[in-house]
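See below for the structure under consideration.
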Amino acid sequence: MTKIELVFSDIDGTLLNSKHEVTAEASQIIQELLKQGTKIILASARPPGAMVSIADEVRLSSPLVCFNGALITQYSEGAFDDLYSLTLERQDALQLNQAVSTKFPEISFNIYSGDRWYVEREDEWVKQEAAIIKMDPEAISMEDFLKEHLPFHKILCMGNPDDIQKLEDELAGANLSNISYYRSKDTYMEIVNNQVSKLGALHFLCEKYGVELENTLAIGDNFNDMPMIIHAGKGIAMGNAPDEVKQAADCVTDTNDENGFYKALVKSFG
């Protein structure tokens, strides 16, 4: 059996249960693997500040893969040291904001730049996201801000499923070849540079640590996790993942509310 030297794990829906908690068992298996010298990397659509507390909870000091791989940063002594960064083009961000504000005014438009989160207004969607990621946004005039400020790592659009579906249809017809987008849930549309992927981040960190791709394990629960699940040495889908993601995996574990993360790692390292 191939030795697994690096574990690459999604956070929401994978490491965290539906109450956004890390179970005692999940934390315990991480500590055991770290003692064995296994590298463990957290990879998420979240911004850096919303990952630090989780990394601290499970006592991880490895780089954080944020915004699905748009930013890889090392947190140390209260500061972030960026190792890798892929940002959106200013013109694309302006065009997206224009489309959302004119055609879908009920959708909440959010910009993430490094560890900063910017909104035009603190609506119910923003309040809900702030409670989940335990971060506070900064309110700005979006149009003025987009003309002056760089870089933008991610745009998050939040709204009811019908509006998000219409936005997805709009994006499919728009001539924006520099972006990629996907729904992380039926109410969330995540938009990043089209070169961004968790697999790209996995490649970057394998090179950094001198680990072969075949000696990695990737675990996740959603479509944005599929490339890393397919290409890692061992790819595991959570029991709560869509069927398409499960079919792409080498094996399927239990759901995030049944300690699926813990069970998968125990079985893989057994």
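Filtering the range 149-161 down to residues that are modelled with pLDDT under 95 and open to solvent by 20 Å² or more (accessible area, probe 1.4 Å), which residue is nearest to V65 (Cα to Cα)?
Filtering first and then ranking leaves P151.
Scan the range 199-224 for residues that are of a type outside the set (G, A, S), under 16 Å from the mean Cα position of the chain (by Cα), at pLDDT 95 or above and buried (at least 24 other Cβ atoms within 10 Å of the Cβ) and report the count.
Selection size over the range 199-224: 3.
Looking at the range 70-79, which of the residues that are open to solvent by 40 Å² or more (accessible area, probe 1.4 Å) and assigned to a strand (DSSP E or B) is modelled with the highest pLDDT?
Q74
Can you say whether N215 is touching a helix residue (DSSP H, G or I) at 6+ places or on another chain (Cβ under 6 Å) and of a type outside the set (A, V, I, L, M, F, W, C), as far as the supplied structure shows? Please lay out each step first, then the result.
Values: touching a helix residue (DSSP H, G or I) at 6+ places or on another chain (Cβ under 6 Å): no; of a type outside the set (A, V, I, L, M, F, W, C): yes.
Criteria not met by N215.
For the range 192-239, how many residues are of a type in the set (D, E, K, R) and over 19 Å from L33 (Cβ atoms)? Full working, then the answer.
We begin by selecting, within the range 192-239, every residue of a type in the set (D, E, K, R); these are 198, 207-208, 212, 214, 221, 225, 234.
Then drop every residue that is not over 19 Å from L33 (Cβ atoms), which leaves 198, 207, 221, 225.
Result for the range 192-239: 4.
Quick check on my filter: what residues within the range 255-270 are outside any helix (DSSP H, G or I), open to solvent by 60 Å² or more (accessible area, probe 1.4 Å) and at pLDDT 95 or above? Outline the logic, then answer.
First pass over the range 255-270, keeping only residues outside any helix (DSSP H, G or I): 255-259, 270.
Remaining after also requiring open to solvent by 60 Å² or more (accessible area, probe 1.4 Å): 257-258, 270.
Across the range 255-270, the qualifying residues are D257, E258.
Looking only at the range 54-98, which residues are of a type in the set (A, V, I, L, M, F, W, C), farther than 15 Å from F8 by Cα and touching a Leu at 6+ places or on another chain (Cβ under 7 Å)?
If the condition is that a residue be of a type in the set (A, V, I, L, M, F, W, C), farther than 15 Å from F8 by Cα and touching a Leu at 6+ places or on another chain (Cβ under 7 Å), then A70, A93, L94 are the ones that fit.
I'd like the residue in the range 29-66 that is under 16 Å from L16 (Cα atoms) and of a type in the set (K, R) and, out of all such residues, is surrounded by the fewest Cβ atoms within 10 Å (Cβ to Cβ).
Looking at residues that are under 16 Å from L16 (Cα atoms) and of a type in the set (K, R), I get R59.
Any residue in the range 14-41 that's farther than 14 Å from F261 by Cα: show its pairings with residues that are hydroxyl-bearing (S, T, Y) and assigned to a helix (DSSP H, G or I) at Cβ separation under 9 Å, as long as the two are six or more apart or on different chains.
Note: pairs meeting the criteria are K39/Y209.
Conditions (1) touching an Asp or Glu at 6+ places or on another chain (Cβ under 6 Å); (2) among the β-branched types (V, I, T), marked per residue:
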site: N17; (1), (2): yes, no
site: I29; (1), (2): no, yes
site: T38; (1), (2): no, yes
site: A45; (1), (2): yes, no
site: M51; (1), (2): no, no
site: A55; (1), (2): no, no
site: S62; (1), (2): no, no
site: R90; (1), (2): no, no
site: N97; (1), (2): no, no
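When the residues of the range 229-243 are filtered to those that are without any contact (Cβ under 8 Å) to a residue 40 or more places away in the chain and over 11 Å from D10 (Cβ atoms), which remaining residue is least open to solvent (accessible area, probe 1.4 Å)?
Residue satisfying both the conditions and the ranking: G235.
How many residues are of a type in the set (K, R) and open to solvent by 70 Å² or more (accessible area, probe 1.4 Å) if we restrict to the range 162-198?
Going through the range 162-198 one residue at a time, the tally reaches 2.
Condition check ((1) part of a helix (DSSP H, G or I); (2) in contact (Cβ under 8 Å) with a residue 12 or more places away in the chain; (3) more than 22 Å from Y188 (Cβ to Cβ)) across all residues:
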{"site": "S62", "(1), (2), (3)": "no, yes, yes"}
{"site": "N68", "(1), (2), (3)": "yes, yes, no"}
{"site": "D81", "(1), (2), (3)": "no, no, yes"}
{"site": "T87", "(1), (2), (3)": "no, yes, no"}
{"site": "A93", "(1), (2), (3)": "yes, yes, no"}
{"site": "S101", "(1), (2), (3)": "yes, yes, no"}
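Keeping to the range 114-148, report how many residues are part of a loop (DSSP other than H, G, I, E, B), open to solvent by less than 60 Å² (accessible area, probe 1.4 Å) and within 15 Å of N97 (Cβ to Cβ).
Within the range 114-148, residues that are part of a loop (DSSP other than H, G, I, E, B), open to solvent by less than 60 Å² (accessible area, probe 1.4 Å) and within 15 Å of N97 (Cβ to Cβ) number 2.
Picking from L176, L199, L150, which residue would you name as being in contact (Cβ under 8 Å) with a residue 12 or more places away in the chain and touching a Lys or Arg at 6+ places or on another chain (Cβ under 9 Å)?
On the way: L176 fails: touching a Lys or Arg at 6+ places or on another chain (Cβ under 9 Å); L199 fails: touching a Lys or Arg at 6+ places or on another chain (Cβ under 9 Å).
The conditions single out L150.
The values are calculated or read from the model by the stated rules, or taken from the named source; none is laboratory data. Just so it is clear, the structure is predicted and the values come from calculations on it, not from any experiment. Cβ sites come from the backbone with ideal geometry, for glycine too, and all protein chains shown count toward neighbours. We work out accessible area using only protein heavy atoms, side chains counted, and drop any ligands, DNA or RNA first. Shrake-Rupley method; radii C 1.70, N 1.55, O 1.52, S 1.80 Å.
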